[in-house]
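The values are calculated or read from the model by the stated rules, or taken from the named source; none is laboratory data. Computed from a predicted structure; not experimentally measured. For neighbour counting, all protein chains shown are included, and Cβ atoms are generated from backbone atoms with ideal geometry for every residue, glycine included.
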Amino acid sequence: MWQPIGDCGKQLTIHSRLREKLDDGYRLYDITEVEFDQYHLHLLSENDKPAEDLRQILNCTQLVEYGFEVELKD
């Protein structure tokens, strides 16, 4: 189940999976490193297809503004 990000400090850790909704699908990311309010993301797939090796760093405000969701662990 996916939940919108609201409190990065409580919701996000290393290896949390994030989803970014796009107009025509979505991208899945893995958090590979956390430094204070900087989240290092590694793109895993785009629309269920393997993706290029893309890495980026975003802060909590950006994750919330861009509408990222975090996968809840059961």
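Tabulated data for the structure shown
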item: Residue count, the stretch 32-41 (criterion: closer than 16 Å to residue 66 by Cα, touching a Ser or Thr at 6+ places or on another chain (Cβ under 9 Å) and either at pLDDT below 95 or of a type outside the set (Phe, Trp, Tyr) (or both)); result: 3
item: Subset of the stretch 17-46 (residues that are more than 20 Å from residue 1 (Cβ to Cβ) and of a type in the set (S, T, N, Q)); result: 32, 38
item: Count of the stretch 1-26 residues which are within 18 Å of residue 50 (Cα to Cα), in contact with a strand residue (DSSP E or B) (Cβ under 6 Å, 6 or more places away or on another chain) and of a type in the set (A, V, I, L, M); result: 1
item: Qualifying residue in the stretch 17-35 (condition: surrounded by fewer than 11 Cβ atoms within 10 Å (Cβ to Cβ), at positive phi and either among the aliphatic types (A, V, I, L, M) or not in a helix (DSSP H, G or I) (or both)); result: no
item: Qualifying residues in the stretch 42-74 (those that are outside any strand (DSSP E or B) and of a type in the set (D, E, K, R)) - the one modelled with the lowest pLDDT; result: 74
item: Selection status of residue 10, in a loop (DSSP other than H, G, I, E, B) and basic (Lys, Arg); result: no
item: Residue ID - surrounded by the fewest Cβ atoms within 10 Å (Cβ to Cβ), chosen from residues in the stretch 1-16 that are under 15 Å from residue 62 (Cα atoms) and in contact (Cβ under 8 Å) with a residue 60 or more places away in the chain; result: 4
